[in-house]
Amino acid sequence: MEIPGLVEITTYDELRDVVPDPLPAAIAKERTELHDLDIQWLGASPFCLIATSDADGNCDVSPKGDPAGFAKVLDRTTIVIPDRAGNRRVDGFTNILSNPHIGLIFIIPGRQDTLRINGRARILREAPFFDDMIVKGNRPQLALLVEIEQIFHHCSKSFLRSQLWKPETWNPDAMPRRAVISQTFERQNDDLAELDEYYGRRYEESIYKVKY
């Protein structure tokens, strides 16, 4: 796409002309093992974002959520994230089969800072600790084992700029409800009233009852 007046950065030196070298503290905070505070953070986090890419660099980011502490700590360099039934696309898992590198951001609602973990992932079909990840009778059929290579806490600037946790800024009605979006893109032949019912209370009550 041609954009008049566009000035592109194509080298590292050009990038550093705009963004100076990081402060020593930003470099020093990077670690390779979980600290007790990291373990405490994982125990309080109910939500994370998982970034992957395939061997050709095609990327995917997938949200994962469960009760707080859903990411199980095996040791100081290894965590496991249970998988629950979803849309069955398995985009992230497919990427990991060809490229095990993974990036994670763990979020605690109301906190402006985040915990970031980068490493290498493996897809597990069974393990002794699957029984420890049962929620409401749902035992995961798959889990993601992550061997940590890099870990650090990230500052709060993006959350402050976005005012993400300030309820007075929330506007869920800025977009049509989920049933309308679903009918527009993937369920064109379904009745809207039935979709409203599907994505209502029944949907929330069933999230741990369904399997793949």
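The values are calculated or read from the model by the stated rules, or taken from the named source; none is laboratory data. Only a predicted model underlies this, so the values are computations on that prediction, with no experimental measurement involved. Please note: Cβ atoms are built from the backbone with ideal geometry, for glycine as well, and neighbour counts cover all protein chains shown. All accessible areas refer to the heavy atoms of the entire protein, side chains included, with ligands and DNA or RNA removed. Shrake-Rupley method; radii C 1.70, N 1.55, O 1.52, S 1.80 Å.
Observations, loosely collected:
- Residue satisfying all of: in region 109-138; open to solvent by less than 70 Å² (accessible area, probe 1.4 Å) and touching a Ser or Thr at 6+ places or on another chain (Cβ under 9 Å); farthest from PRO167 (Cα to Cα) among these: ALA121
- Listed by position, the helices (runs of 4 or more DSSP H) enclosed by region 121-212 that each have at least 2 residues that are within 20 Å of ILE50 (Cα to Cα) and under 22 Å from the mean Cα position of the chain (by Cα) are 157-162.
- From ILE79, ILE50, residue being in contact with a Ser or Thr (Cβ under 8 Å, 6 or more places away or on another chain) and of a type in the set (Val, Ile, Thr): ILE50
- Test: residue in region 75-83 that is of a type in the set (S, T, N, Q), open to solvent by less than 40 Å² (accessible area, probe 1.4 Å) and assigned to a helix (DSSP H, G or I): no
- Residue match in region 31-50 (condition: open to solvent by less than 70 Å² (accessible area, probe 1.4 Å), touching a helix residue (DSSP H, G or I) at 6+ places or on another chain (Cβ under 8 Å), assigned to a loop (DSSP other than H, G, I, E, B) and under 30 Å from TYR212 (Cα atoms)): no
- The combined condition, being hydroxyl-bearing (Ser, Thr, Tyr) and either surrounded by fewer than 13 Cβ atoms within 10 Å (Cβ to Cβ) or at pLDDT below 95 (or both), is fulfilled by SER98.
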